[in-house]
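Inspection log for the structure reproduced underneath, given as structure tokens.
The values are calculated or read from the model by the stated rules, or taken from the named source; none is laboratory data. What you are looking at is a predicted structure, and each value in this text was computed from that prediction instead of being measured. So basically every Cβ, Gly included, is an ideal-geometry build from the backbone, and we count neighbours across all protein chains shown. Protein only, heavy atoms only, side chains kept; ligands, DNA and RNA dropped before computing areas. Shrake-Rupley method; radii C 1.70, N 1.55, O 1.52, S 1.80 Å.
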Amino acid sequence: MTDVVARMADGVGAVPADAWDACAGDDNPFVSHAFLGALEESGSATARVGWQPVPIVIDGADGAPAGIVPAYAKSHSQGEYVFDQGWADAFERAGGRYYPKLQIAVPFSPVPGPRLLLRDPAVAPSLIAAVEAVVAQHGLSSAHATFVAPEQVPLFEAAGWLIRADRQFHWQNDNYGSFDDFLNALASRKRKAIRKERAAAREGLTFQHLSGADLREEHWDAFWRFYQDTGSRKWGRPYLKRAFFSLLGERMGEQIVLMLALRDGRPIAGALNLLGRDTLYGRYWGATEEVPFLHFELCYYQAIDVAIERRLARVEAGAQGEHKLARGYLPTPTFSAHYIADPGFRRAVADYLEQERDAVADDIEDLAEFAPYKQV
């Protein structure tokens, strides 16, 4: 077998955009060079904030990258949405050093997608082996690939990584022709409740959906205010810098759907969505005025409107949120993969994950019984 040489690039920006995207493909906007590069260039994901970009690259025979791992050296566990702080505490109480660790992820984005970016699928095992080598060579405790696309989970599992399960709530488009078609698939009581919520949320407001050249700095200024409000309440401080949104609009405008709610022409709330090939991804939301059900209207119902209009297969509206179930978003499993260097610690984590996976599977089964759709 020919030896494979992997290298660590000095950030996303050190890899040419066309070479990166030839590996990432165009299904999922979050692993694109534009998105990850904007995080880096804006200062949102850098070594200074504990997210040092260290993409791992294997070059093909033609000299261009054949596979890339979007990896980050992490000095904490913030902004990941797959919580391992308990593992860190346990390992450090036992005398180990959990940080730094290697994180294979899209920073601040609990969005399932490929974590092995493959122009040549044959290099996938070598990429995983390269990650393990980085852990060993730099004395790291572990490597974690979070929100792994389901089709890539077997690749990590075959390499002996530990698989962790969780769940989100996603909306599936059953070839609906309109929002009313979707409502007609629901039980009568749920259908009436959604109509009432939409009417209450929309009273006295107008709405805009902005993409491409329609996105201007004034819109990002307004959305930045919304994002800061939500970020400060959830995390203590927002993760993303203001410059990130301008870069996103400049480089990915056609893949953005920015939904704004306006009162008397003044924006009071907004939701930022990204378009994939067959999915609308809801990401950030915020408001400067409290309006009943407006969060549901902007983040869930109008997202469904867009998905139906564009004939997308699904809406993924982010992490957590059992309240999404009553709005037609169904429990869907998500996965992460974990490489633990210390054998004893690995055994302990493996035992924990086995029990956790059973609990998550039971939770998904139980929640599905409360789906709002008509019983068939």
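For the reader, a short list of remarks on this structure follows.
- Count of segment 211-229 residues, restricted to those that are open to solvent by 80 Å² or more (accessible area, probe 1.4 Å) and farther than 18 Å from Leu275 by Cα, is 4.
- Subset of segment 282-330 (residues that are among the aromatic types (Phe, Trp, Tyr), open to solvent by 30 Å² or more (accessible area, probe 1.4 Å) and farther than 16 Å from Phe182 by Cβ): Trp285, Phe293
- Residue within segment 290-310 that is of a type in the set (Asp, Glu) and free of Cβ contacts under 8 Å to residues at least 40 places away in the same chain present: yes
- The set of residues in segment 80-105 being more than 29 Å from Ala22 (Cβ to Cβ), in contact (Cβ under 8 Å) with a residue 24 or more places away in the chain, among the hydrophobic types (A, V, I, L, M, F, W, C) and open to solvent by less than 50 Å² (accessible area, probe 1.4 Å) consists of Trp87, Ala90, Phe91.
- Selection count where residues are surrounded by fewer than 21 Cβ atoms within 10 Å (Cβ to Cβ) and in a helix (DSSP H, G or I), scope segment 127-152: 10
- Within segment 80-96, the residues that satisfy the criterion of being in a loop (DSSP other than H, G, I, E, B), out of contact with any helix residue (DSSP H, G or I) (no Cβ under 8 Å at 6 or more places or on another chain) and not acidic (Asp, Glu) are Tyr81, Val82, Phe83, Gly95.
- Only residues that are in contact with a strand residue (DSSP E or B) (Cβ under 6 Å, 6 or more places away or on another chain) and surrounded by fewer than 17 Cβ atoms within 10 Å (Cβ to Cβ) were counted in segment 153-181, giving 2.
- The listed residue being open to solvent by 30 Å² or more (accessible area, probe 1.4 Å), modelled with pLDDT of 95 or more and either touching a Phe, Trp or Tyr at 6+ places or on another chain (Cβ under 8 Å) or closer than 26 Å to Leu274 by Cβ (or both), out of Pro333, Pro343: Pro333
- Residue within segment 312-320 that is outside any strand (DSSP E or B), among the polar types (S, T, N, Q) and under 28 Å from Thr146 (Cα atoms) present: yes
Residue-wise test of (1) outside any helix (DSSP H, G or I); (2) touching a strand residue (DSSP E or B) at 6+ places or on another chain (Cβ under 8 Å); (3) buried (at least 23 other Cβ atoms within 10 Å of the Cβ).
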| position | (1), (2), (3) |
| --- | --- |
| Val4 | yes, yes, no |
| Asp18 | no, no, no |
| Ala22 | no, yes, no |
| Asp26 | yes, no, no |
| Leu36 | no, yes, yes |
| Arg48 | no, no, no |
| Ala61 | yes, no, no |
| Ala66 | yes, yes, yes |
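- Count of residues meeting criterion [open to solvent by 30 Å² or more (accessible area, probe 1.4 Å), outside any helix (DSSP H, G or I), without any contact (Cβ under 8 Å) to a residue 60 or more places away in the chain and within 23 Å of Leu312 (Cβ to Cβ)] in segment 182-210: 1
- Test: residue in segment 294-305 that is of a type in the set (Gly, Ala, Ser) and over 19 Å from Pro331 (Cα atoms): no
- Any hit, segment 106-119, residues being open to solvent by 40 Å² or more (accessible area, probe 1.4 Å) and small (Gly, Ala, Ser): no
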